[in-house]
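Structure record follows, encoded as structure tokens.
The values are calculated or read from the model by the stated rules, or taken from the named source; none is laboratory data. Since the structure is predicted, the reported quantities are computational estimates derived from the model, not experimental observations. Quick reminder, even Gly has a Cβ in these numbers, built from the backbone with ideal geometry, and neighbours come from all protein chains shown.
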Amino acid sequence: MRLCLVLAVLSTVSVACAAERWRMVYYNDAESDSRFTITAFAAPSAGRAMAAGHAETGHKGRPHALVTDNGGRTWTAVQPPDVASSLYFLDQQNGWLVGAKDIWHTPDFGRTWRKLGRAEGAVRVWFRDPQHGWAVGTRKSVYETADGGVTWKPLEAAAKPKTTPDYTVYAAVAFADDRRGLIAGWSKPPRKGDRMSYPDWMDPENARPEWPGLAIMLQTSDGGKTWNVDTNGMFGQITEIALAEDGRGLGLVEFAGAFEYPSEVYRIDWKRGRSPRTFRRRDMQITDILVPPRGPAYLAGVEVAGRLAHTPVPGKLKLFKSTDMDEWEDQPADYRAEGTRAMLASSGPGEFWAATDAGMILKLTLE
């Protein structure tokens, strides 16, 4: 009886001491003959994930993707039709890849692909069901489809802001449920006389400072039948939105020029219409946000040094977790993980993934 009690106490202590850690499940060795750059990542269902981008062998590059259906224990190469700017999966089979010029659909988790109708300038899609979805992108473009992407119709509300298409981008789209959704973008014309032909990181002392632009928000509460348009002047660009059905949400603002902070994260209370800032650090460039239907929210980014966040030099991967989206806990990750951008995905309750553009994939585990 006493032995059983001791074992029970030790078991409780062991569980209490267990900690979450992001463990490497795929590592692209920089010294190998082939280099895999991840440009998009998705996790459609439990145990399944897809990393898409391009592989380079010598001076030759090609579209490339890796998939797993066993939680990352093994990875299989598949041949996507183009280098992905984004991926979106509705379920464990049906997914969409947005390439340089076209949108593609896979009905079988990447084994085969079919080219869809043209949505000029699209960089991202969101589908409510296999037939009904939206595409957002450059040149002030937002499209809607009711036939699975065979045809796309321009969304009239997206054209209402009085901005120049050449300098207007819709970059993010997300729905909290079947009725409530947001589309975010910005307009930022170049400054007069700004004709620098080299990137800021080559001359950081004379880097161009961030200057204000116009933030654009399209909001619907009836499943996309009607959209309200709101514009506000702001520094930075809204690049990501994540919404949950219970009213929680996050918005990511990134700064392209020299600025005091590389990025800022805002907590969106879309039921009450409030968006206070919740996270920013001078040494941290947040590049992705995740708000699952239930449970904690996550941030992913890379460490930066100096005033410029956008450089070709990889930084250490950093991941953060919050149960209230006010206080953020720094989570340990594999020391080898680095990149210039990080991505997040969730494939089900308690199953979270992270990837970097440097070809590294991690999974959250309990140790």
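Can you tell me which residue within region 286-301, out of those that are out of contact with any Asp or Glu (no Cβ under 7 Å at 6 or more places or on another chain), modelled with pLDDT of 95 or more and over 13 Å from Ser322 (Cβ atoms), is surrounded by the most Cβ atoms within 10 Å (Cβ to Cβ)?
Per the criteria, the residue is Gly301.
If a residue counts only when it is at pLDDT 95 or above, which strands (runs of 3 or more DSSP E) contained entirely in region 42-121 have at least 3 such residues?
48-57, 60-68, 86-89, 95-98, 103-106
Return yes when Ala65 is surrounded by fewer than 14 Cβ atoms within 10 Å (Cβ to Cβ), within 19 Å of Phe36 (Cβ to Cβ) and within 19 Å of the chain's Cα centre (by Cα) and no when it is not.
no
Consider only pairs whose beta carbons are under 8 Å apart and that are at least six residues apart or on different chains; among these, list those whose first residue lies in region 113-127 and is more than 23 Å from Ala184 (Cα to Cα) and whose second residue is part of a loop (DSSP other than H, G, I, E, B) and among the charged types (D, E, K, R).
Matching pairs, first to second residue: Lys115/Asp102; Leu116/Asp102.
Please report, ordered by residue number, the strands (runs of 3 or more DSSP E) entirely within region 180-260 with at least 3 residues that are within 20 Å of Pro161 (Cα to Cα), of a type in the set (Phe, Trp, Tyr) and at pLDDT 95 or above.
Output list is empty.
Looking at region 326-337, is at least one residue under 19 Å from the mean Cα position of the chain (by Cα), modelled with pLDDT under 95, not small (Gly, Ala, Ser) and not in a strand (DSSP E or B)?
Scanning region 326-337, I find no residue that is under 19 Å from the mean Cα position of the chain (by Cα), modelled with pLDDT under 95, not small (Gly, Ala, Ser) and not in a strand (DSSP E or B), so the answer is no.
Condition first: under 25 Å from Ala171 (Cβ atoms) and small (Gly, Ala, Ser). Now tell me which residues in region 62-90 satisfy that.
Passing the criteria: Ala65, Ala84, Ser85, Ser86.
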